[in-house]
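Right, one structure below, let's go through it.
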Ligand SMILES: Nc1ncnc2c1ncn2[C@@H]1O[C@H](COP(=O)(O)OP(=O)(O)O)[C@@H](O)[C@H]1O
Ligand SMILES: [Mg+2]
């Protein structure tokens, strides 16, 4: 690893063992896992609670449904197919367009109906799913990149990961798809992680494959001066997932649709630890701070406000920070 053990300690970096034993085991009751380990269930409970999600178009659970899927697909010009029990971007097929020659993937590559059917067959047979269990395929509405993000996203919609501890959003990261990640914003697929200031949604630092970078490898755009729009809306959406799931240690993935704004994409009961590298900050000090609060703040607003105040890394009075972005992003300011 390129960061010394001493530095990891100084930053209060949470390691895998401690995360599993002291946070996931303590705050995420096992019986609640199915709610988030299955994207279909997550979507349904989120919808029931009034949280915005990408529209569900079809659910495919048997081979005979795949044989007769063509007319249903014909009605859709764009869609996304994913395994309900997938993770890490595996098995996600993003289709941007279709015509007589076939279906266009986010990379621009064209595939045929047979490829789509084979993909669906693979999904329901469990190829991409946790433990190889048989699965169902979700076909959902394509989320289109918000114009505010167009200059930084490449071949896919960025997503925002927020870690929510006991209902408080404590750390955030923007993930950008790259050529390598094939339209998916998953770090293991080669996407970029950009750490975000909880107080403002402004970028702090960026990593790809756990290595620090300053520019988007495909577009050359600098990653240091990004402000995520709708920042407080995102924090509130993530914080509400605590009430909805009762999971105390949660990773919320949110995307921003061109027309609909922030949408909840998925929830994770075992969120990864790289977010700390992207933020150049450890989770431990923030987890400890939340645990030290005597009384749980039942109000969503109070929790979001608390997090924004205590975990802000930018001084709102100042426009420049040592080592940070040199100026405020006009785009972000207009929209947050
Ligand atoms: N409906 C969608 N529209 C556009 N892109 C999507 C959609 N669903 C997923 N993606 C892309 O795929 C990535 C992974 O999707 P997600 O649902 O979080 O599954 P996983 O559990 O595999 O991470 C997202 O970060 C996004 O970049
Ligand atoms: Mg995800």
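The values are calculated or read from the model by the stated rules, or taken from the named source; none is laboratory data. Since this is a predicted model, take the numbers as computed values, not measurements. Virtual Cβ from ideal backbone geometry, glycine too; neighbours counted across all protein chains shown.
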Any pair with Cβ under 6 angstrom, 6 or more apart, that starts in segment 231-242 at a residue that is under 10 Å from residue 254 (Cβ atoms) and ends at one that is in a helix (DSSP H, G or I): 235/304
Within segment 286-301, does at least one residue satisfy the condition of being farther than 30 Å from residue 177 by Cα and crowded, with 19+ Cβ neighbours inside 10 Å? yes
So residue 64 fits all but one of (1) modelled with pLDDT of 95 or more; (2) in the same structural domain as residue 124 (by TED's automatic domain parsing); (3) touching a strand residue (DSSP E or B) at 6+ places or on another chain (Cβ under 9 Å); what number is the exception? (3)
Of all residues in segment 70-126, count the ones that are within 16 Å of ligand 2 (Cβ to nearest atom) and either within 17 Å of residue 141 (Cβ to Cβ) or assigned to a strand (DSSP E or B) (or both). 10
Checking residue 272 against (1) at pLDDT 95 or above; (2) within 17 Å of the chain's Cα centre (by Cα); (3) crowded, with 16+ Cβ neighbours inside 10 Å, which test does it fail? (1)
Sole residue being farther than 22 Å from residue 161 by Cα and in the same structural domain as residue 288 (by TED's automatic domain parsing), chosen from 97, 10: 10
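Residue-wise test of (1) closer than 23 Å to residue 133 by Cα; (2) more than 16 Å from ligand 1 (Cβ to nearest atom); (3) surrounded by 14 or more Cβ atoms within 10 Å (Cβ to Cβ).
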{"site": "78", "(1), (2), (3)": "no, no, yes"}
{"site": "86", "(1), (2), (3)": "yes, no, yes"}
{"site": "90", "(1), (2), (3)": "yes, no, yes"}
{"site": "111", "(1), (2), (3)": "no, yes, yes"}
Matching residues in segment 114-138 (more than 13 Å from ligand 1 (Cβ to nearest atom) and touching a strand residue (DSSP E or B) at 6+ places or on another chain (Cβ under 7 Å)) number 5
